[in-house]
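The values are calculated or read from the model by the stated rules, or taken from the named source; none is laboratory data. Keep in mind it's a predicted model, so treat the numbers as computed, not measured. Cβ placement follows ideal geometry from the backbone for every residue including glycine, while neighbour counts extend to all protein chains displayed. Heavy atoms of the whole protein, side chains included, go into the accessibility calculation; ligands, DNA and RNA do not. Shrake-Rupley method; radii C 1.70, N 1.55, O 1.52, S 1.80 Å.
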Amino acid sequence: MSPAISALGPVARAGVGSGRPLSVSFEFAPPKTSKSEAVLWEAIRRLEPLAPQFVSVTYGAGGSTRDRTHRTVSRIVGETGLKPAAHLTCVEASRAEVDEVIRGYWDAGVRHIVALRGDPPGHLGGAYTPRPDGYANATELTAGIRAIAPFEISVGLYPQQHPESPSTSFDIDVLKAKVDAGATRAITQFFFDIDAFLRFMDKVRAAGVTIPVSPGIMPVYNFAGLKKMAGPCGIPVPAWLANHFEGLDDDPATRQLVAASVAIEMCARLREEGFSDFHFYTFNRADLVYAICRVLGVREPPAPKEAAA
Ligand code: FAD
């Protein structure tokens, strides 16, 4: 790659774990109804044979899915060979309530938590007021989890700046604090500007952060929906991406092909740059992610040959 974009080589930038075989993780949302539960489980079963490093289950805004998240991760522990990572937020909850959830996860056999602060209610990017009796941020939450049990702890990272943060350098300081508190992996917010991501990662590594970082890959399931989601998160949606999807509103088959090709190209470039762990936002659908993984070479192991008679 051009030195104008980055002074670091692929291994230095990608950090611990780079050069390893490709490894993937999948993010799901807890279902609301029995119908959406069936859809989720169809996706889980389809993606399970790809042997992901872990599968994560989100926690609804303000803990609104607390029980559903718990049920879903418990079912993953009980009925699959997958390793679940339960998302957990601390916004709008007391420490005692959050600690109870953490202990509940440990007792259910969950060994990995994605520790997040959560968004201020109704104000993504607005002012956040921590509860006096709660964890103030994801750093405090990480320390709280670490004090309870030896979980693997993933945390969020924002290559294009968290909406409340004054700068990406501040975001890196926050990441360092989370690592000092016990975080073992960072998963990034989705992005489409790979050069900006690589420059950001150079700064992360130059700051001495060595934990693995999984780039968060968002396949474009629906371009209008993506733009709606990206805006408040402060994630630029590039003109080339809009151009790819322009005029395809009534052509879902072509949209799928374009979406797969965009994600494959992104992952291939990141792979060239030394990244080996990719976290896919699935929206509880397997089709696109399954196809992307196949092209990247992530496949189910071959069935064992039957012993010769
Ligand atoms: P923090 O790391 O605590 O940072 C939040 C903000 O506070 C940042 O602007 C940071 O710069 C600032 N900050 C942190 N520490 C300090 C300090 N000491 N002093 C001053 N400022 C500080 N949300 C959900 O509700 N449910 C989910 O399941 C969920 N999953 C996610 C998964 C991933 C991979 C990512 C990247 C995000 C996810 N989110 C989820 C969204 C997340 O909750 C929001 O982005 C939230 O606004 C920030 O969470 P955080 O853990 O990064 O917070």
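Being of a type in the set (D, E, K, R), under 20 Å from G208 (Cβ atoms) and near the ligand (Cβ under 8 Å from one of its atoms) is a description that applies to D171.
Restricting T72, T65 to residues that are under 17 Å from G109 (Cβ atoms) and open to solvent by less than 30 Å² (accessible area, probe 1.4 Å) narrows the list to T72. May I ask you to list the residues in the stretch 89-123 that are near the ligand (Cβ under 8 Å from one of its atoms) and either open to solvent by less than 70 Å² (accessible area, probe 1.4 Å) or free of Cβ contacts under 8 Å to residues at least 12 places away in the same chain (or both)? Answer for the stretch 89-123, where residues must be near the ligand (Cβ under 8 Å from one of its atoms) and either open to solvent by less than 70 Å² (accessible area, probe 1.4 Å) or free of Cβ contacts under 8 Å to residues at least 12 places away in the same chain (or both): T89, V91, V114, A115, L116, R117, G118, P120. Within the stretch 219-234, residues that are of a type in the set (V, I, T) have Cβ atoms under 6 Å from residues that are in a helix (DSSP H, G or I) in these pairs: V220/L226; V220/A259, counting only partners at least 6 apart in sequence or on another chain. Please verify whether A177 is assigned to a helix (DSSP H, G or I), of a type in the set (A, V, I, L, M) and on the phi < 0 side of the Ramachandran plot, treating the condition exactly as stated. Answer is yes for this residue.
Examine the stretch 231-242 for a residue that is closer than 30 Å to P150 by Cβ and not charged (D, E, K, R), and state whether such a residue exists. Checked against the condition, which is being closer than 30 Å to P150 by Cβ and not charged (D, E, K, R), the stretch 231-242 yields no hits at all.
Anything in the stretch 212-222 that is touching a helix residue (DSSP H, G or I) at 6+ places or on another chain (Cβ under 9 Å), modelled with pLDDT of 95 or more and either over 15 Å from Y158 (Cα atoms) or not in a loop (DSSP other than H, G, I, E, B) (or both)? List them, or say none. Passing the criteria: V213, P215, I217, P219, V220. Is the stretch 49-57 home to any residue that is touching a helix residue (DSSP H, G or I) at 6+ places or on another chain (Cβ under 8 Å) and modelled with pLDDT under 95? No, the stretch 49-57 contains no residue that is touching a helix residue (DSSP H, G or I) at 6+ places or on another chain (Cβ under 8 Å) and modelled with pLDDT under 95. Of all residues in the stretch 150-167, those that are under 16 Å from S56 (Cα atoms) have Cβ atoms under 8 Å from Cβ atoms of residues that are basic (K, R), 6 or more apart or on another chain, in F151/R111; E152/R111; E152/R185; I153/R146; I153/R185; S154/R185; V155/K178; V155/R185.
Taking the criterion of being acidic (D, E) and surrounded by fewer than 21 Cβ atoms within 10 Å (Cβ to Cβ), the residues of the stretch 22-45 that qualify are E37, E42. In the set D133, D193, only one residue is in contact with a helix residue (DSSP H, G or I) (Cβ under 9 Å, 6 or more places away or on another chain), open to solvent by 40 Å² or more (accessible area, probe 1.4 Å), modelled with pLDDT of 95 or more and not polar (S, T, N, Q); that residue is D133. Residues that are within 10 Å of the ligand (Cβ to nearest atom) and touching a helix residue (DSSP H, G or I) at 6+ places or on another chain (Cβ under 6 Å) within the stretch 75-87 comprise just one, A86. Before we move on, is S169 assigned to a helix (DSSP H, G or I), on the phi < 0 side of the Ramachandran plot and surrounded by fewer than 21 Cβ atoms within 10 Å (Cβ to Cβ)? So S169 fits the description; yes. Residues that are more than 10 Å from the ligand (Cβ to nearest atom) and either modelled with pLDDT under 95 or of a type outside the set (K, R) (or both) within the stretch 139-158 comprise A143, G144, I145, A147, I148, A149, P150, F151, E152, I153, listed in sequence order.
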